[in-house]
Amino acid sequence: MIPRLTLDLFLTTADSRQSLAALARHGALARCTVRSHDGGLAAAAAHYAATPTPPVLVVEDEGGDDLSARLDRLAEVCDPASRVLLIGGVNDIHVYRRLRERGVSDYLPRPVSAEHVLEAIRALFHDTQAAPRGKTLAVWGARGGVGASTLAQNLAWTASRHLREPVIYLDLDLAFGTSLLSFNLDAKQTAADALANPERLDEVLLERYLIEYDEHLRVLAAPGDPAGASSPSLEGVERLLDLARRLSALVVLDLPHHWCGWTRHLLTQADELVLVATPDLPNLREVKTLRETLEPLRGATAAPRLVLNRMDAYRKTQLAAKDFVANAGLAPALTLPFDPLLFGDAANRGQMLGECAKSHRVPQALAQFAAQLTGKAPDAGKSAWSVAGVLQWLKA
Ligand SMILES: Nc1ncnc2c1ncn2[C@@H]1O[C@H](COP(=O)(O)OP(=O)(O)O)[C@@H](O)[C@H]1O
Ligand SMILES: [Mg+2]
């Protein structure tokens, strides 16, 4: 079975386009998203300069002298974990070997059929352990009520639009999670059900528990009922996360403000960790403590990213960004203003900020931040809010 993944096609010849037209509707790819683009290797290299690469690319070489140079240009912008299947006009074992050495997963000489391509994809993932896994982004509030869940939900939503691939938001605040209200959803099953019997959980069951918010974002909600929420096991949480990663390009973990074995494990293991804090002393202390606790576990290269939220709610007494840099050792990657109208309106409607106020600078800054977290940031430096916010703060 071919796992759920996104597949991009770059085809140059009419023959290949015709032969592979049926691929998108093929039953073997029922769980996959197939996207067709114009052009071959050069077009793919140009496209991925600004866009994250999906797990599988099927690219047809347009021909010409320097195939190696064209491949190198693609390799420069392609995530190393992405698999490239190359279609070309040469049927020669030496060429095949050279391409494999350059990182091409398989080479398919023309003419190709949908079956050839499917066979090559099956070979990539014949072992379920080889199936691509989505990245993980954990969001942790330095203290309760700082806006961590709101940011986790909005980052999941905006990242899914940037990636144009499946994103899963896991509300792991089993007792008090608010995702059903925030996304205005109804759920029959929740994360508490998934974690009650984790040994029964598989991809099919998890798919049933997930609620579709839109084309790209699915939600595993929390029951929001302390009575029904028992503490999950580390093994259960790991299993749930592994399955969610097999079903998506990104899993956003909304963690409760509760320090225990499984939360510490997720804070340590997540590919990206976002700490949300408000600019006051208790938050500063928690950020410092957490950074110091996690640094030996995560390593210096996987430093958490700090978001300072609710800025200017207490303008006269709030701490400055430079205090966080000097005392907690972290500079804010993003600062967001206290804006009760914007956040309150979104909360009341059960919508994301970008749905209520698309052109507002807060959802725009969140979109840019999500793009940085998930790979390629569009228009870096264009949305000045975060950068200007930090500079303004550093001067304060
Ligand atoms: N920048 C902000 N300005 C105004 N209200 C905010 C802001 N960020 C979050 N909120 C509001 O704060 C409340 C608590 O947010 P929540 O995300 O549940 O916090 P946490 O998960 O950290 O406990 C929510 O009502 C949310 O709408
Ligand atoms: Mg929360």
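Just so you know, all these numbers are worked out from the coordinates, no wet-lab data involved. None of these values were measured; they are calculated from a predicted model. Neighbour counts run over all protein chains shown; Cβ positions are idealised from the backbone, glycine included.
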Quiz item: With r defined as the distance between the Cβ atoms of Lys188 and Ser233 and R0 fixed at 35 Å, what FRET efficiency is calculated, to the nearest 0.05?
Solution: 0.90
Self-check item: ³J(HN,Hα) computed for each position of the range 237-242 - Karplus, 6.51 cos²θ - 1.76 cosθ + 1.60, integer Hz, glycine/proline x
Solution: 5, 4, 5, 4, 5, 4
Quiz item: Here are some pairs, Lys188/Lys288; Lys322/Lys376; Lys316/Lys376; which of them have Cα atoms lying more than 32 Å apart in this structure?
Solution: Lys188/Lys288; Lys316/Lys376
Quiz item: Out of residues 5 or more away from Val276 or on other chains, whose amide H comes under 5 Å of its own, with H placed 1.01 Å from N in the peptide plane?
Solution: Trp140, Gly141, Ala142, Val307
Exercise. Note the angle between two axes, namely the Cα long axis of helix 114-124 and the longest principal axis of the Cα atoms of the chain, as a number of degrees from 0 to 90, rounded to the nearest 10.
Key: 50 degrees
Practice problem: Compare the peptides 248-261, 359-372 by average per-residue count of other Cβ atoms within 10 angstrom and give them in order, highest first. | Solution: 248-261, 359-372
Quiz item: Each label point is 7 Å from the Cα along the Cα-to-Cβ direction; what then is the distance between the points at Asp242 and Val95, in nm?
Solution: 4.1 nm
Quiz item: Taking every DSSP beta bridge that has both residues in the range 135-395, what percent is antiparallel when rounded to the nearest 5?
Solution: 5 percent
Quiz item: Which value in Å is the Kirkwood Rh of the range 135-395 over different Cα pairs?
Solution: 18.5 Å
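Which FRET efficiency value, to the nearest 0.05, is calculated for Leu205 and Asp15 with the Förster distance at 56 angstrom and r the Cβ-Cβ distance?
Working: r = 42 Å, r/R0 = 0.76.
Step by step, r from the Cβ atoms, then E = 0.85.
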Quiz prompt | the range 137-171 versus the range 34-107: alpha-carbon centroid distance in Å | solution = 32 Å
Quiz prompt | Among Leu137, Leu342, Leu220: highest mean-square fluctuation, GNM of the chain, C-alpha pairs under 10 Å | solution = Leu342
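Would you mind putting 143-155, 176-188 in packing order, based on average other-beta-carbon counts within 10 Å, highest first? Kindly include the intermediate steps, with their values, before the conclusion.
Working: 143-155: 21.6, 176-188: 17.5.
By packing density, highest mean first, the sequence is 143-155, 176-188.
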Exercise. Would you pull out the residues with amide H under 5 Å of Ser36's amide H, same chain only if 5 or more places away, H placed 1.01 Å from N?
Key: Leu9
Quiz item: Any idea what angle helix 281-298 forms with the longest principal axis of the chain, computed on alpha-carbon atoms, 0 to 90 degrees, nearest 10?
Solution: 40 degrees
Exercise. Calculate one ³J(HN,Hα) per residue across the range 372-377 by plugging θ = phi - 60° into the Karplus curve 6.51 cos²θ - 1.76 cosθ + 1.60, and present them in order as whole Hz with x for glycine and proline.
Key: 5, 5, 9, x, 8, 8
Self-check item: Long-range amide H partners of Leu250 with built H, under 5 Å
Solution: Lys135, Ile168
